[in-house]
Amino acid sequence: MKLIVDLIYQSGFQGMRYSISNTAEYGDYITGPKIVTDETKKAMKKVLSDIQDGTFAKDFLLEMGAANKVHFNALRQQAVEHPSEKVGEWIRSLYSWSDDDKLINN
């Protein structure tokens with residue numbers, strides 16, 4: 001994912017599409033509109049509105065303070081247990097780098 005984002009940052013969507021395989025480029029054209037629908041755009045606008053009007057910040061501060069991170073920690077645990085984490089772990093194991101070579105240690 002980082003490679004794709006880096007390519008978009010460096011040269012826009014056209015440059016990213018030039019740099020990926022024809023299969024991936026075709027998938028972008030065909031699949032993107034199926035995922036980014038009018039409903040998705042409406043949801044993204046609502047999220048942006050919540051950020052702009054302070055709703056997100058208010059909820060976040062409440063969660064980090066008085067709510068003692070209960071919901072946050074539950075969401076974190078759900079993310080850890082998501083099947084994509086197991087698949088990602090397996091895929092990363094196929095690469096040549098080892099745990100000692102990680103760029104990020106947190």
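Suppose every K and R has +1 on its Cβ and every D and E has -1 on its Cβ; what is the size of the dipole of the range 36-96 about the Cα centre, in Debye to the nearest 20?
80
When the chain is modelled as a GNM with alpha-carbon springs shorter than 10 Å, which of PHE72, PHE13, PHE56 fluctuates the most?
Between PHE72, PHE13, PHE56, it is PHE13 that shows the largest mean-square fluctuation.
Do the sum for the chain: with -39,500 (n - 2.57) for every DSSP H run of n ≥ 4, divided by all residues, what is the mean residue ellipticity at 222 nm, to the nearest 500 deg cm²/dmol?
Mean residue ellipticity, 222 nm, calculated: -24000 deg cm²/dmol.
Most fluctuating residue of GLU63, GLU89, GLU81 in a GNM of the chain with Cα springs under 10 Å: which is it?
Evaluated over the chain, the most mobile residue of the options is GLU89.
Work out the length of the dipole vector of the chain about its Cα centre, built from +1 on the beta-carbon of each Lys and Arg and -1 on the beta-carbon of each Asp and Glu, and round it to the nearest 20 debye.
The calculated dipole for the chain is roughly 260 debye.
With the chain treated as a Gaussian network of Cα nodes joined by springs under 10 Å, which of ARG92, ARG76, ARG17 yields the largest mean-square fluctuation?
Comparing ARG92, ARG76, ARG17 in the GNM, the peak value goes to ARG92.
A short reminder: the numbers here are calculations on the coordinates, not readings from a lab. For clarity, every value in this text was computed on a predicted model and none was experimentally measured. Neighbour counts are summed over all protein chains in view; Cβ atoms, including those assigned to glycine, are modelled from backbone coordinates with ideal geometry.
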